[in-house]
Amino acid sequence: MNTQTHVIIGAALFGRAIPKRAWMAALGGLLPDLPMLLVTFALMLYGVPGPIIFGFLYWQEWWQLTNAIGHNFWAWGGLMLLGLIMRDRLRASAESFDRWTLLAVFAGSALLHTAIDFLTHREDAHMSFWPVTRWKFLSPVSYWDQAHFGSYASAFEAALGLVLAVILFRQFRSRWVRAALAAAMLLYVGVPAYFILGQR
């Protein structure tokens, strides 16, 4: 699934119309993909062509391990569990309760990102149970590959992102939030356009 959709889903499901929670959930939705985004951006700035980035470099061990760390059920599940346990133990302190709640929201959003990617990646799947195992689940559904229902998945993802963005747009009046949502919507057009133009 595209990164902006993870961010929107996290903010919508975990935010509960509370700005702090929505921002933490958005960050949790972003973080698993952040290393990949930074590496890709740096390589593109250096002039490396898209087919080399995603057809060769993406499959190198260092990048696969980076994805395994970012999309890790053990790490995000453990962090979420810690946040929930500590939140319940510290109910007497509103400040501590809020801090641990934010950690649980952040980790929960990252965990949801990992679970969605687990179900929507095929050959480009992540080692989500690393370091216990390097096994990858090759989903029958790909969020982008048309040979594996990618056109349907992409259409569903864009529709879901749009609906959730409208909900968030109505919940939050902040110009920053609304600008971020507008930018996310543009990515649904910009990212496919980049890959289509790059193949010509």
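The values are calculated or read from the model by the stated rules, or taken from the named source; none is laboratory data. All figures in this text were calculated on a predicted structure; none of them were measured in a lab. Every residue, glycine as well, gets a Cβ built from its backbone with ideal geometry; the counts of neighbours run over all protein chains shown. The accessibility values were calculated without ligands, DNA or RNA, using every heavy atom of the protein model including side chains. Shrake-Rupley method; radii C 1.70, N 1.55, O 1.52, S 1.80 Å.
A few notes on this one:
- The stretch between L160 and K20, if pulled fully straight at 0.36 nm per residue, gains 48.1 nm over its current Cα-Cα span.
- Most fluctuating residue given options G83, G150, G29, as computed from a GNM of the chain linking Cα atoms under 10 Å: G150
- Taking Cα atoms only, the orientation of helix 34-45 departs from the longest principal axis of the chain by about 40 degrees.
- Label separation (V39 vs F129): 2.3 nm, computed from points 7 Å beyond Cα along the C-beta direction.
- When a 1.4 Å probe is rolled over the protein heavy atoms, the share of accessible surface on the chain that falls to carbon and sulfur comes to 72 percent.
- Volume of the convex hull of the chain (Cα atoms only), normalised per residue: 125 Å³.
- Between D145, D124, D88, the residue with the greatest mean-square fluctuation in the GNM of the chain (Cα pairs under 10 Å linked by springs) is D88.
- The angle between the Cα long axis of helix 150-171 and the longest principal axis of the Cα atoms of the chain comes to about 30 degrees, rounded to the nearest 10.
- Counting only alpha carbon atoms, the long axis of helix 19-30 and the longest principal axis of the chain meet at about 30°.
- One Cα centroid belongs to the stretch 112-126, the other to the stretch 4-28; the line between them spans 19 Å.
- Solvent-accessible area per residue, Å², over the stretch 118-179 with all protein chains present [probe radius 1.4 Å]: 67
- Listed residues G15, G161, G55, most fluctuating in the chain (Gaussian network, C-alpha, under 10 Å): G55
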